[in-house]
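Notes for the one structure printed next.
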Amino acid sequence: MRRFALAVFAFLFCAVCQAQILNPLPGMETQVPVLTEKTTIKLETTAGVVMVEVYPQAAPNAVERFVELVKSGFYNDTPVSRVVPGFVAQFGVNWREPHKQWENKTFDDDPSLFALERGTLAFAKAGIDNNSTQVFINYAENNRLAVRMYNFTTFGKVVSGMELVDMFVEVGEPGMGLDQERLWLDGGAYLDSLELKPTMILRASIVK
């Protein structure tokens, strides 16, 4: 009986620990799901290896798309195109075929339930239900992005290598980064023309 009780306690303790990997947004404490599932992603970058965990129970639409893109090789050999110190680092443009076809394949927002704290991931977008391929990593707490008019949604977190994310190269226009249209049109030629090169994601893969 004692062994059974200890096993139950261990299970509940692990569930609570897992849930605390992402913190609820203020006021959402009673609405967030327990996070018992995760997928680990390895980002091999020119700054070093960054490990990310994504949680399907936190944002199922976002995680499904991110994992699908990783499996397809979409993020391989792509730039970190926007780095705003103290705000975000953004990536997710691949101008090569067949990856370019994802540019306009949007998916619907998930409810924003978890805090956009330092190290968390969310999809970048141009409006409600306009998520596609671009993802940002928060450098600081950006909970203001979760308000209804924006509804940016945390779906994962950097679990190792955040100090490398801090080293990502700031390129392009301050606050804006590289020209998105030029990247989507012919990113290879555009990157070749730059004197200051961006940090590159060499390979993104699922960790088994």
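Where a number appears in this text, it was derived from the coordinates with a stated rule and is not lab data. In this text, all values refer to a predicted model and were calculated from it rather than measured experimentally. Backbone-built Cβ (ideal geometry, glycine too); neighbour counts: all protein chains shown.
For region 143-208, the C-alpha radius of gyration divided by 2.2 N^0.38 Å, with N the number of residues, is 1.42.
Dipole size of region 37-206 about its Cα centre, with +1 on Lys/Arg Cβ and -1 on Asp/Glu Cβ: approximately 220 debye, rounded to the nearest 20. Sorting Val50, Val171, Val67 from the fewest to the most surrounding beta carbons within 10 angstrom yields Val67, Val171, Val50. By the combined test of axial Cα extent (at least 20 Å) and Kyte-Doolittle hydropathy (mean at least 0.0), the qualifying DSSP H helices of the chain come to 2-19.
Taking the chain as the region of interest, the number of lysine pairs whose Cα atoms are within less than 20 Å, with members eight or more places apart or on different chains, is 14. Net charge of the neighbourhood of Val207, taken over other residues with C-beta under 13 Å away and scored Lys/Arg +1, Asp/Glu -1, is +3.
Over the chain, Cα pairs under 8 Å with separation of 6+ residues give a relative contact order of 29 percent.
Approximating the spin labels as points 7 Å out from Cα along Cα→Cβ, the Met28-to-Asp186 distance works out to 4.2 nm.
Note on Lys100 and Met167: the extension gain reaches 21.4 nm, defined as 0.36 nm multiplied by sequence separation minus the Cα-Cα distance. Of the residues Pro33, Asn130, Asn151, the one whose Cα sits farthest towards the positive end of the charge dipole of the chain is Pro33 (charges of +1 on Lys and Arg Cβ, -1 on Asp and Glu Cβ, taken about the Cα centre).
Can you list, largest first and rounded to whole Å, the semi-axes you get for the chain by taking the square root of 5 times each eigenvalue of its Cα gyration tensor?
32, 18, 16
Remark: the Cα gyration tensor places region 120-161 in the oblate category, a/c being 1.5 or greater and a/b not exceeding b/c.
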